[in-house]
Structure formats: structure tokens, C-alpha cells
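One structure below.
The values are calculated or read from the model by the stated rules, or taken from the named source; none is laboratory data. Bear in mind that the values here come from a model prediction, so they are computed numbers and not experimental data. Neighbour counts are summed over all protein chains in view; Cβ atoms, including those assigned to glycine, are modelled from backbone coordinates with ideal geometry.
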Amino acid sequence: MAMQKLDVAILGATGAVGQRFIQLLEGHPWFQVSEVIGSSRSAGKSYSEAVHWVLDGNPPAGIAALTVKALDDEFCSPLVFSALPKEAAMTRELELAAAGHVVCSNASANRMLADVPLMLPEVNAEHIGLIDVQRRRRGWRSGALVANSNCTVMPVVMALKPLVKYGIRRLHLVSEQAVSGAGYPGVSSMDMIDNILPYVPGDEDKMQTESRKMLGAFNGESIDELETVVSATCTRVPVVDGHLVNISVELADQPALSSVIADWERYQAPVPDLPSAPEYPLQYLYQIDRPQPRRDRQAGKGMMTSIGRLRECPVLGYKFAALSHNTIRGAAGCSILNAELMAVAGYIEGFRVADYALAT
Ligand SMILES: NC(=O)c1ccc[n+]([C@@H]2O[C@H](COP(=O)([O-])OP(=O)(O)OC[C@H]3O[C@@H](n4cnc5c(N)ncnc54)[C@H](OP(=O)(O)O)[C@@H]3O)[C@@H](O)[C@H]2O)c1
């Protein structure tokens with residue numbers, strides 16, 4: 001007998017990231033979307049009436065017919081994905097976790113709280129141990145709050161994780177970010193066509209703080225951030241999806257370029273198989289002009305990070321480019337992966353992965 005899938009709610013379901021959640025969760029083996037939540041603009045309407053669908057095709061029929069709920073409604077889904085703007089997320093995510101929901105968030109609001117794991121299973125799965133600290137300190141029994149990073153930080157930490165063993169001393173980052181990273185309707189076409197914007201509000205600071213937390217170590221009680229100096233410049237370019245980051249790095253050791261490429265190609269996450277994880281999270285592209293957003297963002301169904309152009313840097317030693325799909329690996333896909341890890345690790349009450357393995 002097939003097991004009933006776990007009900008999930010999506011906060012901000014009508015936005016750019018919310019739509020990705022709906023698309024990626026269609027046919028998910030463990031989770032099913034049961035509740036969609038929007039702002040007062042959408043609450044009470046059917047999802048198909050409320051949404052301006054920006055992805056290919058149309059919303060799945062079962063979702064299109066759901067009535068959009070308001071953010072202060074009560075939700076019955078044990079698992080909640082948040083794609084809310086920062087201001088709306090700040091207190092509501094904590095309230096929902098306190099009420100017993102497991103909340104996996106994309107918003108920046110609570111990412112840097114000391115007891116909130118800023119997680120990406122292939123990079124820092126052991127940070128999940130912070131959930132025990134969080135529950136103990138806050139008196140939460142079944143609720144939890146897990147965040148994933150800013151979408152531009154994602155290709156940076158994915159590419160750097162295998163290099164942490166060489167000692168990362170200094171980093172210089174220059175991003176070229178897609179327009180979907182600003183949500184919908186996002187940046188005006190008058191600003192974006194035939195243009196590059198040399199400023200993305202808030203993202204340079206996030207590159208500098210979130211990367212250190214994500215690459216840090218869990219000491220049993222908190223995260224010891226990676227001690228490294230980070231300088232970031234963030235720009236917006238006329239690309240629909242896919243954030244490219246040019247990375248220069250100074251390493252304490254001096255590995256050969258071929259060893260670094262081998263580290264990337266061999267890298268596999270030290271976590272159990274998760275339904276949304278690609279077999280290899282990183283790919284190195286040898287063509288001199290790759291990675292490119294249009295050609296490489298869908299690698300591994302949008303979940304792989306593509307790296308290329310590794311060469312010597314006369315300033316910091318090594319430089320290369322890394323690319324991730326910003327609304328898949330950089331947002332909804334990563335949250336789903338975090339939820340899958342929470343499920344496998346037994347942090348979602350009443351949910352046993354073994355039941356699903358038997359049922360499928
Ligand atoms: N886009 C990316 O690549 C990306 C990547 C990583 C993280 N993020 C983060 O993910 C979050 C969502 O980003 P997005 O790009 O999807 O933004 P978006 O396209 O502007 O969508 C925002 C969503 O939040 C809802 N919302 C807005 N104000 C609300 C309120 N007061 N109460 C309840 N719902 C409200 C909107 O509902 P209505 O449509 O009903 O107004 C919409 O569904 C942000 O925190 C962003 O920083 C985005």
C-alpha cells in the first residue's frame with residue numbers, strides 16, 4: 001500500500017521562488033503541496049487566478065485549483081517552505097517553528113541567527129546538529145527552522161568546500177547575477193536591457209557573512225565561522241536564470257591546478273542519498289569559455305554547480321568561475337534538499353523515510 005505523502009505548505013507560493021517549489025515538488029516521492037500562501041493581494045483567490053506564472057508551461061492542475069491562504073492563517077502541514085520577502089519572514093517563520101512546524105526558509109531574515117543552521121547538505125550537513133541546540137534553547141519539541149543561503153553565495157560555497165582543506169585565506173568575488181534573482185516583477189526592463197547594474201542591494205554583505213558561516217565547523221553548540229577575508233562585488237546582468245561568480249582565492253597550501261580540478265570532479269557529499277540530490281554536485285568544464293548561464297544552468301536538473309577557467313591568479317594565486325541555477329540550486333531546490341535531509345535524519349515528527357522506501 002502506498003504511503004500518504006507528507007503535506008507541505010509554501011509561503012510566498014506565487015513568487016519566483018514559490019513557483020519553483022511547486023514545479024520541483026510535482027511528483028516528489030515524499031512530499032506533496034497541500035497549502036499555498038500569499039500576501040493579502042492573493043489570499044482568497046485560486047492559485048491560478050493569483051499567480052503570474054513565469055516558468056515554462058502552466059502550474060500543475062491540482063495546485064492551480066488550491067485557494068491561496070493568508071500568512072496569518074493556521075496551517076496543517078507539518079513541513080513549511082518559505083519563499084517570503086525578508087520583512088514578512090522575520091517573525092512568522094519563528095512563530096510557525098514554535099507552533100511545531102519544520103520550516104525550511106529561503107529568506108535572509110533569520111539566516112544569521114546563531115542557532116539557525118544555514119545549510120546545504122553537500123557542504124555542511126553536520127550543521128543539522130544545531131537543530132538540537134535550537135530546540136533545547138527555545139523549548140521547541142517538534143518545530144525547527146533551517147535556512148539556505150543567498151543564491152549568489154551558493155556557487156561560491158559549493159566550489160570552495162573541497163578546497164577548505166588547503167586553508168582558504170582570502171577571497172575576492174565578482175558576481176554576474178540573473179534577473180530572476182530579484183523576484184517577480186523584479187528589476188525594470190528599462191534598467192536591464194542593454195545594460196549591467198553594478199549594484200545588487202544587500203548581496204555583497206551576504207556574500208561576506210554567509211560564506212563564512214556555511215564553510216564553518218559545528219562545535220556541538222554553535223558554528224565556528226571560517227576565518228577568512230572576503231571581498232565581494234555583486235552585479236546584475238541581462239540573463240534570466242543562473243548566477244555566475246568569478247572567484248579569486250588565496251590558499252595556505254599550494255596545490256597543483258590539476259589537483260584542484262580532481263578535488264572538484266571527485267567531490268561527493270558525505271550524506272545519504274536524497275531524492276533531489278545530483279550524484280555529483282560539481283562538474284568541471286574544460287572548454288575555455290564555460291561555464292555559461294544559458295548552456296550550463298540546467299546541469300543535474302539545475303542542482304549541479306558548474307566550474308571552469310581555473311588558472312593562476314597573480315594577485316591571490318588561483319582564480320576560476322562558478323555557476324549555479326539561482327532559483328533551483330540557489331533557492332527552492334536547496335530548501336527541498338534541506339527538508340529531505342531533515343526527514344532522513346529523523347527531525348520531522350511522524351515521518352519515517354523507511355516507510356517510503358518500502359512503498360515505492
Ligand atoms: N529569486 C531568487 O533567486 C532567490 C534565491 C534565494 C533566495 N531568495 C529569497 O526568497 C524569497 C522570495 O524571493 P522571490 O524572488 O520569490 O520574491 P517574489 O517573486 O517577489 O515573491 C514574493 C512572494 O512573497 C509573497 N509575499 C510578499 N509579501 C508578503 C506578505 N506580507 N505576506 C505574505 N506573503 C507575502 C508574495 O505574494 P503575492 O504574490 O501574493 O504578493 C510572493 O508570493 C526572498 O526572501 C528572497 O530574498 C530568492
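Structure data summary
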{"item": "Conditions (1) assigned to a strand (DSSP E or B); (2) within 22 Å of Ala332 (Cα to Cα); number of the one not met by Val240", "result": "(1)"}
{"item": "Residue within the stretch 189-197 that is outside the structural domain of Tyr318 (by TED's automatic domain parsing) and among the acidic types (Asp, Glu) present", "result": "no"}
{"item": "Residue selected from the stretch 335-351 under the condition away from the ligand (no atom under 16 Å from the Cβ), surrounded by 13 or more Cβ atoms within 10 Å (Cβ to Cβ) and not small (Gly, Ala, Ser), by the criterion nearest to Val123 (Cα to Cα)", "result": "Leu341"}
{"item": "Residue ranges of helices (runs of 4 or more DSSP H) in the stretch 42-118 with at least 1 members more than 22 Å from Ser180 (Cα to Cα)", "result": "61-64, 86-98"}
{"item": "Residue in the stretch 52-60 that is in the same structural domain as Ala107 (by TED's automatic domain parsing), more than 25 Å from the chain's Cα centre (by Cα) and within 12 Å of the ligand (Cβ to nearest atom) present", "result": "no"}
{"item": "Lone qualifier among Tyr280, Tyr356, Tyr286 - being hydroxyl-bearing (Ser, Thr, Tyr) and modelled with pLDDT of 95 or more", "result": "Tyr286"}
{"item": "Residue, surrounded by the most Cβ atoms within 10 Å (Cβ to Cβ), within the stretch 232-258, restricted to residues that are in contact with a strand residue (DSSP E or B) (Cβ under 8 Å, 6 or more places away or on another chain) and of a type in the set (S, T, N, Q)", "result": "Ser248"}
{"item": "Options Ala61, Ala99, Ala65: the member that is in contact with a helix residue (DSSP H, G or I) (Cβ under 8 Å, 6 or more places away or on another chain), surrounded by fewer than 21 Cβ atoms within 10 Å (Cβ to Cβ) and farther than 20 Å from Val17 by Cβ", "result": "Ala65"}
{"item": "All positions within the stretch 82-95 that are surrounded by 23 or more Cβ atoms within 10 Å (Cβ to Cβ) and more than 10 Å from the ligand (Cβ to nearest atom)", "result": "Glu93"}
{"item": "Test: residue in the stretch 137-159 that is more than 14 Å from the chain's Cα centre (by Cα) and free of Cβ contacts under 8 Å to residues at least 40 places away in the same chain", "result": "yes"}
{"item": "Any hit, the stretch 130-137, residues being acidic (Asp, Glu) and either closer than 22 Å to Phe21 by Cβ or part of a loop (DSSP other than H, G, I, E, B) (or both)", "result": "no"}
{"item": "Which listed residue, of Ser77, Ser40, is touching a residue at least 12 places away in the same chain (Cβ under 8 Å), more than 11 Å from the ligand (Cβ to nearest atom) and among the hydroxyl-bearing types (Ser, Thr, Tyr)", "result": "Ser77"}
{"item": "Residue ID - surrounded by the most Cβ atoms within 10 Å (Cβ to Cβ), chosen from residues in the stretch 284-334 that are within 16 Å of the ligand (Cβ to nearest atom) and among the β-branched types (Val, Ile, Thr)", "result": "Thr327"}
{"item": "Residues located in the stretch 170-206, provided they are away from the ligand (no atom under 13 Å from the Cβ), under 21 Å from the mean Cα position of the chain (by Cα), touching a residue at least 40 places away in the same chain (Cβ under 8 Å) and part of a helix (DSSP H, G or I)", "result": "none"}
{"item": "Residue within the stretch 163-183 that is farther than 15 Å from Ala339 by Cβ, among the hydroxyl-bearing types (Ser, Thr, Tyr) and in contact with a Cys (Cβ under 6 Å, 6 or more places away or on another chain) present", "result": "yes"}
{"item": "Pairs where the first residue, in the stretch 19-33, is assigned by TED's automatic domain parsing to the domain that holds Tyr47 and away from the ligand (no atom under 13 Å from the Cβ) and the second is among the hydroxyl-bearing types (Ser, Thr, Tyr) and at pLDDT below 95, C-beta under 8 Å, 6+ apart", "result": "Pro29/Tyr356; Pro29/Thr360; Trp30/Tyr356"}
{"item": "Some residue of the stretch 231-243 being within 21 Å of Leu316 (Cβ to Cβ) and of a type in the set (Gly, Ala, Ser)", "result": "yes"}
